[in-house]
Amino acid sequence: MEKRNCTRVPFSSRFLVKSRRGIIAGECSNVSLNGVFLKTPRKLDIGENVLLRLWVPADDSEVGIDFTGMVARHMADGMAVQFTGMCLESYGRLRSVIACQVGDSKQVFQEFLNHMSRGCEARPFHIQRGSNGGEDLTVGDWQ
């Protein structure tokens, strides 16, 4: 049986995944501080590094939050992506989504501290304005 280090909560949201092979759009079904399950018929290779954007509620609209990740496993209806990096703003918004579902923000914060103490290899990334004025996720040599 799989042992979870972070609480997983049901969460339905749009997503975009960018890999070296292109972009996949769809909807996620659950999320934790460690990763997300993406419902999609198109699967990337296990171990493949990706850039990921999830949309989360923000006041009366929604906002995109960004992560770096790695495809961790496949299931019949999609794939799991483990987060490998996130900025503080993304962490804060994700933590709020999870804490709202769990009802205990202290528990979620403790899970984050435990995750970081295990030596999480976070990679920095940034949002770069594309030539057309839109946002373009970039990391490392993916520019």
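The table below gives the values:
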quantity	calculated
Single condition Ile65 does not satisfy, out of (1) touching a Cys at 6+ places or on another chain (Cβ under 9 Å); (2) at pLDDT 85 or above; (3) more than 18 Å from Pro10 (Cβ to Cβ)	(3)
Lone qualifier among Lys39, Lys43 - being in contact with a Cys (Cβ under 9 Å, 6 or more places away or on another chain), surrounded by fewer than 16 Cβ atoms within 10 Å (Cβ to Cβ) and at pLDDT 85 or above	Lys39
Options Ala58, Ala72, Ala25, Ala76; residue that is in contact with a Lys or Arg (Cβ under 8 Å, 6 or more places away or on another chain) and farther than 24 Å from Ser105 by Cα	Ala25
Which numbered condition Thr7 misses (of (1) buried (at least 17 other Cβ atoms within 10 Å of the Cβ); (2) modelled with pLDDT under 85; (3) in a strand (DSSP E or B))	(3)
Of all residues making up region 76-96, the number that are small (Gly, Ala, Ser), over 12 Å from the mean Cα position of the chain (by Cα) and modelled with pLDDT of 90 or more	2
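The values are calculated or read from the model by the stated rules, or taken from the named source; none is laboratory data. Just so we're clear, the structure is a prediction, and the values are computed from it rather than from any experiment. Every residue, glycine among them, receives a Cβ derived from its backbone with ideal geometry; neighbour counts consider all protein chains shown.
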